[in-house]
């Protein structure tokens, strides 16, 4: 790719914790291209420290020092915005703390920045979903912190399901059937959308399957993270294979 092409193509950089479902990002880039969109979604892995959905481990995982260490590599990709591609290690700080995390990341990068937690809030608003159900891989205490974050965004959570999975490594092994079961079991008739908050969970290939099974919008962590990054730069393109969010 020439330097001129890189400059004219919307390019969002993602700081992704460890190794689990990072292959969703090149998959989504390909899906964007197949739909006639034009964007690059380069990704850099961050050091996660302890792989655990525990509050203490998540607070350390999301420290700005850990995130900033990956910015040099992203700058070489010519990124125009940066997103912390992690839900739990952003909402664990609470609404105000997560906002400060993003401000510090934007300052360190010298670029617009966001995180997956804010991506969920913005995506739900874009769909007009004021009432949602949360189907989480996390232990219940961690999932409850995501519920608190959504409430701070003015979003009502009608039901929450935690799965008790401690490590991202285990979540990354889940396939289509496990993801579908999670969404179905976490759905609630009163919810206008179902949220699956874990970037360690492969979902990009199955968003439309999930929405067909539930009959309503489904927002998944990697899907909303890509959408949020593109939103920072331009109107996200229409990509039917990535669900209703990318058709809104």
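Take the range 1-42 and flag every residue that is within 14 Å of residue 80 (Cβ to Cβ), at pLDDT 95 or above and assigned to a loop (DSSP other than H, G, I, E, B).
Across the range 1-42, the qualifying residues are 41, 42.
Looking only at the range 14-30, which residues are surrounded by fewer than 21 Cβ atoms within 10 Å (Cβ to Cβ) and more than 19 Å from residue 114 (Cβ to Cβ)?
Matches in the range 14-30: 18, 19, 23, 26, 27, 30.
Quick one: how many residues across the range 151-165 are in contact (Cβ under 8 Å) with a residue 40 or more places away in the chain and either in a strand (DSSP E or B) or crowded, with 17+ Cβ neighbours inside 10 Å (or both)? Spell out the reasoning first.
Pass one, the range 151-165, residues in contact (Cβ under 8 Å) with a residue 40 or more places away in the chain: 152-153, 165.
Pick out the ones that are also either in a strand (DSSP E or B) or crowded, with 17+ Cβ neighbours inside 10 Å (or both) and you get 165.
Selection size over the range 151-165: 1.
Please tell me if residue 173 is assigned to a helix (DSSP H, G or I) and within 24 Å of residue 84 (Cα to Cα). Spell out the reasoning first.
Numbers: assigned to a helix (DSSP H, G or I): no; within 24 Å of residue 84 (Cα to Cα): yes.
No, not satisfied.
Scan the range 210-248 for residues that are in a helix (DSSP H, G or I) and either under 25 Å from residue 79 (Cα atoms) or out of contact with any strand residue (DSSP E or B) (no Cβ under 9 Å at 6 or more places or on another chain) (or both) and report the count.
If we filter the range 210-248 for residues that are in a helix (DSSP H, G or I), which is where we start, we get 210-214, 221-233, 240-242, 244-247.
Of the ones still in play, those that are also either under 25 Å from residue 79 (Cα atoms) or out of contact with any strand residue (DSSP E or B) (no Cβ under 9 Å at 6 or more places or on another chain) (or both) are 212-213, 221-233, 240-242, 245-247.
Total meeting the criteria: 21.
Inspect all residues belonging to the range 88-100 and state whether any of them is touching a strand residue (DSSP E or B) at 6+ places or on another chain (Cβ under 8 Å), farther than 20 Å from residue 201 by Cα and modelled with pLDDT of 95 or more. Please lay out each step first, then the result.
We begin by selecting, within the range 88-100, every residue touching a strand residue (DSSP E or B) at 6+ places or on another chain (Cβ under 8 Å); these are 89-90, 98.
If we keep only those that are farther than 20 Å from residue 201 by Cα as well, we get 98.
After this cut, where a residue has to be modelled with pLDDT of 95 or more as well, the list is 98.
Yes: one or more hits.
Sort out which residues of the range 44-61 are crowded, with 21+ Cβ neighbours inside 10 Å, touching a strand residue (DSSP E or B) at 6+ places or on another chain (Cβ under 7 Å) and not in a helix (DSSP H, G or I), and write them in order of number. Working first, answer last.
Initially, the range 44-61 is screened for residues crowded, with 21+ Cβ neighbours inside 10 Å, giving 44, 46, 48, 53, 58, 61.
Checking the rest, the ones that are also touching a strand residue (DSSP E or B) at 6+ places or on another chain (Cβ under 7 Å) come to 44, 46, 48, 61.
Once the filter is applied, which keeps residues that are crowded, with 21+ Cβ neighbours inside 10 Å, touching a strand residue (DSSP E or B) at 6+ places or on another chain (Cβ under 7 Å) and not in a helix (DSSP H, G or I), the range 44-61 yields 44, 46, 48.
Can you tell me how many residues in the range 81-104 are touching a residue at least 40 places away in the same chain (Cβ under 8 Å) and under 18 Å from the mean Cα position of the chain (by Cα)?
Our first condition is that a residue be touching a residue at least 40 places away in the same chain (Cβ under 8 Å); within the range 81-104, this holds for 81-89, 91-92, 94-95, 98, 104.
Keeping just the survivors that are under 18 Å from the mean Cα position of the chain (by Cα) gives 81-89, 91-92, 94-95, 98.
Result for the range 81-104: 14.
Residue-by-condition table, conditions (1) within 13 Å of the chain's Cα centre (by Cα); (2) more than 28 Å from residue 54 (Cβ to Cβ); (3) modelled with pLDDT of 95 or more:
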{"site": "191", "(1), (2), (3)": "no, no, yes"}
{"site": "194", "(1), (2), (3)": "no, no, yes"}
{"site": "209", "(1), (2), (3)": "no, yes, yes"}
{"site": "220", "(1), (2), (3)": "yes, no, yes"}
{"site": "225", "(1), (2), (3)": "yes, no, yes"}
{"site": "230", "(1), (2), (3)": "yes, yes, yes"}
{"site": "233", "(1), (2), (3)": "no, yes, yes"}
{"site": "239", "(1), (2), (3)": "no, yes, yes"}
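The values are calculated or read from the model by the stated rules, or taken from the named source; none is laboratory data. Model, not experiment: these values are computed from the prediction. All Cβ positions, glycine included, derive from the backbone under ideal geometry; neighbour counts span all protein chains shown.
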